[in-house]
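Input: a single structure, listed below in structure tokens.
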Amino acid sequence: MKNDEYYMSLALKEAKKALLIDEVPVGAIIVKDDKIIARAHNTRESKKDVFGHAETNAIRKANKKLNAWRLDGCIIYVTVEPCIMCGGALIQSRIEKIVYGAKDLKGGAFESSINILEAKNINHHPQIISGVLEDECSRIISDYFKTKRKKEEK
């Protein structure tokens, strides 16, 4: 069985794909029974789609692969803490576990900004693991925004 660091390293490869197309570099991998069933990265800018986050892209691929909307027994590895939209989608998909690397202080929905699992009457509570390959996950996104700001200053 592969460990969380292994799968997060694959999510980082997806984030690098986003970087190549000038998207915010976030990547996601969904695993079931130690097999990758979905890989995705951000496509919001390139596809002009508000739902084009790495997590929602991965959820759609996993739904198609499993021919089911429920992702029972699945684990998502995502390089950045999911936002409230993605967190809601992950809860609704009944994903078993969410593993993320970097915190998102402005929009993280499980620890940093809010914790949507504290909402009353939520009927599904996935396990949350944070900080996996946190330095690498933080670096790729912070470097991206530093580069963006430098370009804007010129």
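Miscellaneous remarks
- Scattering from the range 39-85 was approximated by placing one identical point on each alpha carbon and applying the Debye formula without solvent; log10 I(q)/I(0) at 0.16 1/Å stands at -0.45.
- Computed label-point distance, nm, for sites Tyr6 and Glu152 using a 7 Å Cα→Cβ extension: 4.0 nm
- Rounded, prolate or oblate (a/c below 1.5 giving rounded, otherwise prolate when a/b exceeds b/c) for the range 1-103 by Cα gyration tensor: oblate
- Peptides ranked, highest mean first, by Cβ atoms within 10 Å: ranges 137-149, 41-53, 112-124, 22-34: 22-34, 41-53, 137-149, 112-124
- Accessible carbon and sulfur surface of the range 56-151 relative to its total accessible area, %, 1.4 Å: 49 percent
- Projected label distance in nm at Lys64 and Leu117, using a 7 Å step from Cα toward the beta-carbon: 3.0 nm
- Placing dummy labels 7 Å off each Cα toward the beta-carbon, the span from Val50 to Leu20 is 3.0 nm.
The values are calculated or read from the model by the stated rules, or taken from the named source; none is laboratory data. Just so it is clear, the model here is predicted, and its values are computed rather than measured. Cβ atoms come from the backbone with ideal geometry, glycine included; neighbour counts cover every protein chain shown. For the accessible areas, the whole protein counts, side chains as well, though only heavy atoms, and no ligand, DNA or RNA atoms are used. Shrake-Rupley method; radii C 1.70, N 1.55, O 1.52, S 1.80 Å.
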